[in-house]
Every structure is written in C-alpha cells, then in structure tokens.
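Presented below is the structure to which this report refers.
The values are calculated or read from the model by the stated rules, or taken from the named source; none is laboratory data. Everything quoted here is computed from the prediction, not taken from an experiment. Because the Cβ atoms are built from the backbone with ideal geometry, glycine has one as well, and the counts that use them run over all protein chains shown.
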Amino acid sequence: MSLATPLVIDDLLGRIEPPADGTLSVTLQQSEYVKVVLFGFAAGQELSEHTASVPAIMHQLSGNARWRLGEQELDARPGAWVSMPAGQPHALIAQTPCVMLLTMFRNAADAPTSKTTCDS
C-alpha cells in the first residue's frame, strides 16, 4: 500500500489576496473525498443563500464577514469557524476585504454529524 504525499501550504493567506472588486476562488485540493477552496471577497461582495449537498466547514481567515446560517446570523472575524451539515442554507456578505476557507466533504452526506460543542 502506498501513501499519498501530504499537501503542505506554509501560508494560506499568501495564496490569495481579496480582489478590489468581486470574488476570487482558488481550489487548493480536490479528491474523491474532499474539496478545499480559498475565497477572497472584496468589501460588499455577497455569496447569496444556497445549500450544499455535502457537509462543509467555513473558516474565516482574514477580514470581517456576516454569515447567515439558516435563521442565525453572526459576525465572522478571523478565526471564526462553523461546521455545517449537508443541506444547511447559508450565505455570506463581506463587510471588509476578506478571505474564507471552505472545506467540503464528499461521499459523506450520510455520515452522522457531531452534536458536541467546544467552548473556549
């Protein structure tokens, strides 16, 4: 059995810069099981409400955004992180130029989701 070579990225924020206008995306990894996309948003850009057919994680890396998760809204600052089940309606509005990392788990739509929360 051969092992896959690890993918190492020393500086995620060095891989993308939020554009002056619009939205930019860079796919960092794509396989049968996972897709990892880095998004750069100009201030005021919106990712309109949609759902994903797979579980996903959003991680705010820089700047500020307003996330909507169903009826819940939250201000996402650097370090904000959310794990979403498949089918979760969500949206994003960039309040400042910002970068968000999206990880989607393929072939995991039927996997159970953790109900555990982590308070720091």
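Observations
- Residues in the stretch 17-41 that are assigned to a loop (DSSP other than H, G, I, E, B) and crowded, with 17+ Cβ neighbours inside 10 Å: Pro18 alone.
- Test result for Leu47, under 12 Å from Ile93 (Cα atoms) and aliphatic (A, V, I, L, M): yes
- Some residue of the stretch 44-53 being out of contact with any Gly (no Cβ under 7 Å at 6 or more places or on another chain), modelled with pLDDT under 95, surrounded by 17 or more Cβ atoms within 10 Å (Cβ to Cβ) and part of a loop (DSSP other than H, G, I, E, B): yes
- Considering each residue of the stretch 58-74 in turn, none proves to be on the phi < 0 side of the Ramachandran plot, assigned to a loop (DSSP other than H, G, I, E, B) and touching a residue at least 40 places away in the same chain (Cβ under 8 Å).
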